[in-house]
Amino acid sequence: MSKGTVRFPESVIADGRVGTARIREQIAGAAARLASAGPSPLDTPVARMLQAYDRTAAAGDQVRALSPVERMQQLGRLPRGKKNKTEAAYELDQLAPRLHAGEILWYRFEAIKLRLADNTFITIDYPVINAAGQLEFHEVKGRWTDDARAKTKIAAAQYPFRFFAIQRAGRHGWRVEDLTSRSW
């Protein structure tokens, strides 16, 4: 590259327009959105947060900082059938090699949903059929909450299958706990 030559990354070039013309258009669009009386995309979530804060303050409750667990839970859930990073890592590190080696015959992500009580269900992360032909349920969590552990233990008490609670242990290991309550 010679002196004085300007090179733009591909992300800067849009529809054949480079630099100031595109930037002017973006600024004009943003100014028009700010000047309009209509709601912007962030107005609704911000209003909901302020309402929650106002209700807490009106009730006389102390407004407190959220714990790390509460912040994690507020991030929301992934859509049904979508793996989080821990579940994907468990499949890649443990299940796929065991399937290839013949230790397990089959597994599938969120294939079975179990009823625990009225309007209470648990969707097991990985139902697995081992080489002996037995069905096992592998529930993978990055961090086990009391609710998740209780649901898994209730399912283990109600159904005649082996239930495993799996959690990441460091970078390259997995902590596996057998939650099966009976020797079926």
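Summary of computed values
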{"quantity": "All lysines inside 29 Å of K153 as judged from Cα atoms, apart from same-chain residues fewer than 8 positions distant", "calculated": "K82, K83, K85, K113, K141"}
{"quantity": "Per-bin percent of Cα-Cα distances, the stretch 85-178 [10 Å]", "calculated": "16, 50, 30, 4, 0"}
{"quantity": "Cβ-derived FRET efficiency at R0 25 Å, R80 paired with A131, nearest 0.05", "calculated": "0.25"}
{"quantity": "Most to least packed among 125-133, 23-31 [average Cβ atoms within 10 Å]", "calculated": "125-133, 23-31"}
{"quantity": "For the stretch 140-153, Karplus couplings with θ = phi - 60° (6.51, -1.76, 1.60), whole Hz, Gly/Pro x", "calculated": "9, 9, x, 8, 7, 8, 4, 5, 5, 5, 5, 4, 5, 5"}
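We did not get these values from a lab; they are worked out from the coordinates using the rules stated. None of the values given here were measured: they were computed from a predicted structure. Backbone-built Cβ (ideal geometry, glycine too); neighbour counts: all protein chains shown.
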